[in-house]
Amino acid sequence: MKGIVSRAGVLIFCFLVAGGSWAHALEMVEGDWETISEMSFEMKGMSMPPQTTRVTQCLTREDAVPAKKEECKVTRQKIVGNTVSWGVVCGKTEGEGEITYAPSGKSYQGTFKMKTEEDGETATKKGSKATSGRKKTEEGGETMTMVMKLSGKYLGPCPKGQKSGVTGEMAARQAQAEQAMAQSKQQQAEQEALRQKCEEFMKRIAMPAEDPNACAQEGFARTPDCEQKVGSLNLQYGLYEITVEQASRIGPNCILQEEKRKKEEKRKTVCLNEDDPVPPDLKAGRQVRKVKRGKDKITWKDTYEGGETRGGVVYSGTSFEGVAIQKGSAGPGMEQLHVTKVTGRRVGDGNCPKGWEYTSKGRSDAATGGSKGKATTTGGTRGTADNLQTQTPETPSTGKEKPSDSGKGTVENPVKEIRKLFGF
């Protein structure tokens, strides 16, 4: 019943706001008319209170009666004097109407009837008890007859520049509906364009191949073993300006986040060095352990409960390009895929640290500019015990030095001075 009433309402609206082609031999005043329809339903065992609808529209002698033009087909039409009769077919719905204009040509009265048939698949299944009070068709559906009492009156000339179509509030509502539909179509088109762009981004992203001469290590920071095996990474420390592109797919939905990021972030920079060579956007907040490190490339793979992360960065001295791919699942048939691409170029030293400086005995913090191969004491030394033993720090004179055989002064308490110097 609900489906029948809904379809009938749509047909009534279309019936009231569209026109057909009619003959000229009709006494009526052309202009803006108000049509009032009082609708009731005839259905065995069911009844609904009448519903009244008011519509204003421009009518002419050629367009003298509200009628369906597109979805409905006019099967017959006849004009006798000031009486117009017609028949229409709209799918499984048939209708016929008749109105008579007053001699003055400024009003009319009439009726319109439609028969609507519900789809057979919604009817009671064969073999079950039929619903009492409902009329069944041969196909197993239900029929309902809708009756409308029509009356119309002339209001005056049509709005300037308008010859047909609805007017007044109905025209405004129709315009709003058309505008909303146009906006909806535009949004759908934009979303489809972004979805296609997202799919293209997913397809063109390629994971860097693992370097065959790479050294396996834990984490991204360089280690003495890999430093000795593959040498220094082809990355100059400093401040890098980066561009981040991201896309996510959950099931069939693909969302590109590049445009949003461009609007939110006009400029983004990060500090990189050999001990911190991977931008945070590629790490995805995870502590990666299985890393393969080469001279021009770093790749990694991390498996965890519910998914995995793979990534790789290719370095070219003062620029790099990296990719990270995360796979997971939100449930059956809901595979999740998140792809991140980051490109960067060096824009200067900034306030970025150089990272660790390695010696033959250990490593030291070169954040303030120590030269490679030499341990620096400024900023604290974090080397091994052997490294400490090889250093001979200079200390200020205390006036308590004793001359040596060579004539040079020596520190009276070297252990104490070393402790003071290194803070332990």
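The values are calculated or read from the model by the stated rules, or taken from the named source; none is laboratory data. Since the structure is predicted, the reported quantities are computational estimates derived from the model, not experimental observations. For neighbour counting, all protein chains shown are included, and Cβ atoms are generated from backbone atoms with ideal geometry for every residue, glycine included.
Couple of notes before you dig in:
- Meets criteria (more than 22 Å from residue 251 (Cα to Cα) and in a helix (DSSP H, G or I)) for residue 209: no
- Residue within segment 225-247 that is within 14 Å of the chain's Cα centre (by Cα) and of a type outside the set (Asp, Glu) present: yes
- Summed over segment 141-196, residues that are within 44 Å of the chain's Cα centre (by Cα) and either part of a helix (DSSP H, G or I) or at positive phi (or both) total 31.
- Considering segment 283-306, and only residues there that are out of contact with any Phe, Trp or Tyr (no Cβ under 9 Å at 6 or more places or on another chain) and not charged (D, E, K, R), the residue that is surrounded by the fewest Cβ atoms within 10 Å (Cβ to Cβ) turns out to be 285.
- Exactly one residue out of 127, 168, 161 is modelled with pLDDT of 70 or more, exposed (fewer than 13 other Cβ atoms within 10 Å of the Cβ) and either in contact with a Phe, Trp or Tyr (Cβ under 8 Å, 6 or more places away or on another chain) or farther than 17 Å from residue 41 by Cβ (or both): that is 161.
- Looking across segment 174-215, the residues that are loosely packed, with under 12 Cβ neighbours inside 10 Å and among the small types (Gly, Ala, Ser) come down to 175, 177, 180, 182, 184, 189, 193, 206, 209.
- Hey, residue 31 over 45 Å from the mean Cα position of the chain (by Cα) and at pLDDT below 70 or not: no
- Of all residues in segment 61-74, exactly one satisfies the criterion of being modelled with pLDDT of 75 or more and within 14 Å of residue 166 (Cβ to Cβ), namely 63.
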